Amino acid sequence: MTERSLNSGTDATVLVCDDDPTYLLLMEETLSSDNLNVLTAANGAEALKLYLKHKPHIVLLDVHMPMLSGFEVCAEIRKHPQGKDTPILMVTGADDIFSIESAYKHGATDFLPKPIRWPMVAHRVRYMLKGSETFNSLKKSEEKMRHLAYFDSLTGLPNRQSLDESLEKEIQLAAKEEQNLCIMYIDLDNFKRINDTLGHEFGDKLLKKISEKILQCVKGKAFTPDAMDSITQIEVSRLGGDEFMIMVNNNPNDNDVKVVAQSLVNCISELISIDDYEVALTPSIGIAMYPRDGVNLTELKKHADVAMYYAKTMGRNGYRFYAESLNENAMKFLQIEGCLRNALNNDEFSLHYQPQVCLKKNKIISVEALLRWDSPELGNVMPSEFIPVAEDSGIINELGEWVMRTACDQAKKWMDAGLQDFKVSVNISSIQFKRASLLNMIKRALDDSGLPASLLEVELTESAIMNDIDHNISRLNQIREMGVGIALDDFGTGYSSLSYLKRFPINTLKIDRSFIINIDSNYEDAAIVEAIIALANTLKLTVVAEGVETHGQLKALNRFQCDIIQGYYFSKPVPTDQIIELMQKPLIKALVEGI
């Protein structure tokens with residue numbers, strides 16, 4: 001066995017195996033003169049050792065050799081991963097059809113008959129090397145195209161196409177083995193809000209972090225030892241956007257799946273630091289089991305999707321198993337979303353206005369703008385039904401801008417009609433509040449309508465401003481500097497914000513109706529409302545009591561010196577043209593004076 005190292009111009013290595021020393025010498029001299037690096041072996045065993053050590057670009061094998069024949073060496077080379085595509089030239093004195101077919105059967109690329117025409121050997125080897133190079137280049141291109149087709153470019157996870165094909169195979173296997181299979185549909189709560197606020201580049205970084213968290217979780221680091229015995233095969237895919245899907249096979253039961261799902265909720269919910277920001281995202285996870293919840297790909301994915309939407313409606317940050325009873329609610333959600341996308345362009349929305357009555361002045365001094373949707377397909381849809389859908393789908397931003405512009409235009413018309421100092425209050429969702437474009441949106445609505453900023457008030461819930469308090473206070477101050485009033489809506493629900501109340505630059509405190517319902521019959525509710533009003537007076541805030549429906553509630557609020565009353569006792573939300581009529585009727589004065 002010899003090895004010749006040629007000069008730096010050598011660009012390919014050839015392995016030649018033959019038990020004839022004369023043949024080996026001639027082959028070595030011929031190929032070396034063509035600037036090829038030549039390795040020689042006198043038998044099949046030596047050839048295999050040289051192949052594994054040096055990984056030559058091409059192999060020339062004599063058929064008849066001691067220890068291992070050329071056919072056997074060829075077959076062994078083909079068993080190794082690096083040997084699958086190596087060109088192998090069989091050198092044989094037999095040129096009958098049987099010998100040729102046998103060479104190809106054992107994996108030969110081509111054959112070279114003896115006696116050898118030596119001037120043609122180097123050309124033949126060069127030709128095969130060029131063909132091999134072309135083949136490898138095409139193979140790499142094919143592998144790259146396959147990777148693009150089956151893997152997500154951002155996270156590196158298998159994509160939807162890859163998932164579908166894998167899931168189809170696993171369903172067939174589960175059916176054959178009569179085993180369970182599980183898929184989990186993961187959607188990140190409020191990801192669109194973060195993406196819109198901090199930008200798509202930040203959103204991409206966040207998705208990569210989340211995918212890493214999911215992978216770390218499903219590798220078993222977050223599972224209990226007992227669960228690891230049965231949970232051994234888990235595959236993660238990214239469907240696109242902020243949606244992921246996980247497949248759990250190996251016959252999992254409901255308890256196994258709960259362990260995985262809760263671990264995912266815990267892992268994903270952990271605080272993430274990116275570019276000096278700390279972000280907390282929560283997942284909503286829908287779970288479907290084969291064969292209980294579906295016997296094919298379409299049914300399983302659909303039902304996991306239904307369960308995911310149910311998880312969102314149940315407060316998010318959790319998981320839910322699919323149940324047949326969920327179909328109706330989920331289908332309604334999807335139906336609303338489909339109709340909602342075209343509703344604004346089709347002019348299906350309108351604003352109604354609910355009067356706010358000042359007890360001291362015995363008159364309506366302001367109104368709250370409330371959105372109404374009359375859908376040709378769905379009829380009158382309640383805000384409690386379509387607003388959450390609008391927030392999840394991102395439509396809330398466009399819809400919120402329409403509400404702001406429409407309300408400002410109408411308030412200016414009322415001002416021109418002689419209603420002086422008549423304010424309009426517009427609700428701002430938490431998603432809108434986080435958008436960088438909020439201030440410009442409000443300013444455009446005021447400028448285009450000509451409405452003085454002092455006649456506009458924006459309403460925000462406690463939950464919208466209690467996260468990232470310092471940043472939100474800065475945002476609120478910017479709104480106040482425009483001259484726009486700020487009302488804190490649904491006060492008393494969800495957060496203990498009394499300690500922060502003096503820090504927020506708000507004008508108005510709106511007491512949630514849940515405290516008003518039993519104010520005339522429940523001592524504790526009455527005491528809470530009285531305390532809130534006293535606190536607001538100390539902080540020089542205007543107080544609005546929502547949901548006033550009875551004379552008893554009105555009397556109690558008047559006794560506590562509440563400033564403004566809003567509720568069905570005076571008026572439900574009404575169309576635009578009825579506000580002037582309500583202003584002109586003596587009913588309000590009579591109701592107030594009756595206390």
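The values are calculated or read from the model by the stated rules, or taken from the named source; none is laboratory data. Keep in mind it's a predicted model, so treat the numbers as computed, not measured. Please note: Cβ atoms are built from the backbone with ideal geometry, for glycine as well, and neighbour counts cover all protein chains shown. Keep in mind that these areas ignore ligands, DNA and RNA; they rest on the heavy atoms of the full protein, side chains included. Shrake-Rupley method; radii C 1.70, N 1.55, O 1.52, S 1.80 Å.
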Of everything in the stretch 420-438, what is open to solvent by less than 20 Å² (accessible area, probe 1.4 Å), in a helix (DSSP H, G or I) and touching a residue at least 60 places away in the same chain (Cβ under 8 Å)? Give them in sequence order. ILE431
Filtered residues of the stretch 439-469 (kept if outside any helix (DSSP H, G or I), at pLDDT below 95 and open to solvent by less than 20 Å² (accessible area, probe 1.4 Å)): LEU460
Any residue in the stretch 463-487 that's within 21 Å of ALA369 (Cα to Cα): show its pairings with residues that are open to solvent by 60 Å² or more (accessible area, probe 1.4 Å) and modelled with pLDDT of 90 or more at Cβ separation under 6 Å, as long as the two are six or more apart or on different chains. GLY483/SER454
Considering every residue within the stretch 532-551, establish whether at least one is at pLDDT 90 or above, open to solvent by less than 80 Å² (accessible area, probe 1.4 Å) and either of a type in the set (Asp, Glu) or within 38 Å of the chain's Cα centre (by Cα) (or both). yes
Residue satisfying all of: in the stretch 95-115; assigned to a helix (DSSP H, G or I) and open to solvent by 10 Å² or more (accessible area, probe 1.4 Å); modelled with the highest pLDDT among these: LYS105
Which ones in the stretch 11-40 are touching a Leu at 6+ places or on another chain (Cβ under 8 Å) and closer than 22 Å to TYR104 by Cα? VAL14, LEU15, VAL16, CYS17, ASP18
Give the stretch 257-295 a look and list any residue that's β-branched (Val, Ile, Thr) and in contact (Cβ under 8 Å) with a residue 40 or more places away in the chain, or say none. VAL257, VAL260, VAL265, ILE268, ILE272, ILE274, VAL279, THR282, ILE285, ILE287, VAL295
Consider SER514 carefully, then state whether it is more than 20 Å from LEU359 (Cα to Cα), open to solvent by 10 Å² or more (accessible area, probe 1.4 Å) and over 33 Å from the mean Cα position of the chain (by Cα). yes
Return the pairs, sorted by first residue and then second, in which the second residue is part of a helix (DSSP H, G or I), the first residue lies in the stretch 296-310 and is free of Cβ contacts under 8 Å to residues at least 40 places away in the same chain, the beta carbons are less than 7 Å apart, and the residues are 6+ apart or on different chains. VAL306/LEU326; VAL306/ASN327; VAL306/ALA330; TYR309/ALA330; TYR309/PHE333; TYR310/LEU326; TYR310/ASN329; TYR310/ALA330
Could you run through the stretch 375-397 and say how many residues are charged (D, E, K, R) and farther than 14 Å from GLU337 by Cα? 0
Is there a residue being over 16 Å from the mean Cα position of the chain (by Cα), in a helix (DSSP H, G or I) and either at pLDDT 90 or above or aromatic (Phe, Trp, Tyr) (or both) anywhere in the stretch 238-253? no
Find the helices (runs of 4 or more DSSP H) located wholly in the stretch 295-413 whose residues include 3 or more that are open to solvent by 30 Å² or more (accessible area, probe 1.4 Å), modelled with pLDDT of 90 or more and more than 30 Å from THR576 (Cα to Cα), and list them. 297-313
Would you call VAL121 at pLDDT below 85 and buried (at least 19 other Cβ atoms within 10 Å of the Cβ)? yes
Given the criteria at pLDDT 90 or above, in contact with a strand residue (DSSP E or B) (Cβ under 9 Å, 6 or more places away or on another chain), open to solvent by less than 60 Å² (accessible area, probe 1.4 Å) and small (Gly, Ala, Ser), does ALA527 qualify? no
Residues of the stretch 291-320 satisfying the condition of being in contact with a helix residue (DSSP H, G or I) (Cβ under 6 Å, 6 or more places away or on another chain) and closer than 18 Å to VAL257 by Cβ: ASP293, GLY294, VAL306, TYR310, GLY318, TYR319, ARG320
Scan the stretch 25-43 and give yes if some residue there is free of Cβ contacts under 8 Å to residues at least 12 places away in the same chain, under 22 Å from ILE116 (Cα atoms) and out of contact with any His (no Cβ under 8 Å at 6 or more places or on another chain), otherwise no. yes
Subset of the stretch 470-500 [under 30 Å from the mean Cα position of the chain (by Cα) and at pLDDT below 80]: THR493, GLY494, TYR495
Please list, ordered by residue number, the helices (runs of 4 or more DSSP H) wholly in the stretch 157-216 having 1 or more residues that are surrounded by fewer than 19 Cβ atoms within 10 Å (Cβ to Cβ) and at pLDDT 90 or above. 160-177, 200-216
Counted residues in the stretch 537-573 being in a loop (DSSP other than H, G, I, E, B) and hydroxyl-bearing (Ser, Thr, Tyr) come to 4
Hits in the stretch 412-460 (condition: among the hydroxyl-bearing types (Ser, Thr, Tyr) and under 28 Å from the mean Cα position of the chain (by Cα)): SER429, SER430, SER437
